[in-house]
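First the structure, in the form of structure tokens, and then the observations on it.
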Amino acid sequence: MKDPNYVIKIEKAISDKYGLETILNPKSLWNEEKEKEYLEQTKEAQLKQQFNEDKEHKVEINGVFISKKLLSKESIRSCCVCSKYSFSAKDDVYLNKYECCELCYVKYVEGREQRWKSGWRPNNGNNKS
């Protein structure tokens, strides 16, 4: 025995419990302004997703996958004098300013900054301190 008003009774119970908005057709509240706003939000979300995908893109180098964003950054990590590769935070200061590690700075640059800035390097054959 089917009740022809069963759906109406269910909708009334839902609207009483959760509010009238729960049984309304979403299209009845839609207008041109909401459509434009929705399209803008969709475009922004797509741009963010594309940006994140580009940022997370991995490149294979010597059998190891490295994030592409790490490869685009220029950073000096090797000393131009002794060729030591360094992760040291202390060396970062010297590598950025003098392109040499802390030890080479103390040995060749300290007190002779002007000579260093003019281009002198110990491997030029001018190893006179």
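No value in this document is a laboratory result; all are computed from the given coordinates. The shown structure was predicted, so the numbers you read here are calculated from the model rather than taken from an experiment. Here Cβ is always computed from backbone atoms with ideal geometry, including for glycine, and neighbour counts include all displayed protein chains.
Give the residues of segment 99-115 whose amide nitrogen is closer than 13 Å to a point set 7 Å from the Cα of Cys80 in the direction of its Cβ.
In segment 99-115, the label zone of Cys80 (backbone N under 13 Å from the point 7 Å along Cα→Cβ) covers 99-101, 105, 109, 115.
Computed from these coordinates, which is Cα Rg over 2.2 N^0.38 Å: (i) 1.15; (ii) 1.01; (iii) 2.39?
Answer label, from the structure shown: (iii).
Please compute the length gained on full extension between Asp3 and Gln41, using 0.36 nm multiplied by the number of residues separating them and subtracting their Cα-Cα distance.
9.3 nm
Across segment 106-118, in residue order, what do the Karplus-derived ³J(HN,Hα) couplings come to in whole Hz, using 6.51 cos²θ - 1.76 cosθ + 1.60 with θ = phi - 60° and x for Gly and Pro?
5, 6, 10, 9, 3, x, 10, 4, 4, 4, 5, 5, 6
Each residue of segment 4-13 in turn: what ³J(HN,Hα) in whole Hz from Karplus with 6.51, -1.76, 1.60 and θ = phi - 60°, glycine and Pro shown as x?
Each residue of segment 4-13 in turn: x, 9, 4, 4, 5, 5, 5, 4, 5, 5 Hz.
If I model a spin label at Asn123 and Val93 as a point 7 Å from the Cα along the Cα→Cβ vector, what separation in nanometres do I get?
Distance between label points: 2.5 nm.
Arranged from highest to lowest average of other beta-carbon atoms within 10 Å per residue, in what order do the peptides 91-101, 17-27 appear? Show your work: numbers first, answer last.
Working: 91-101: 18.5, 17-27: 9.1.
Highest to lowest by the protection proxy: 91-101, 17-27.
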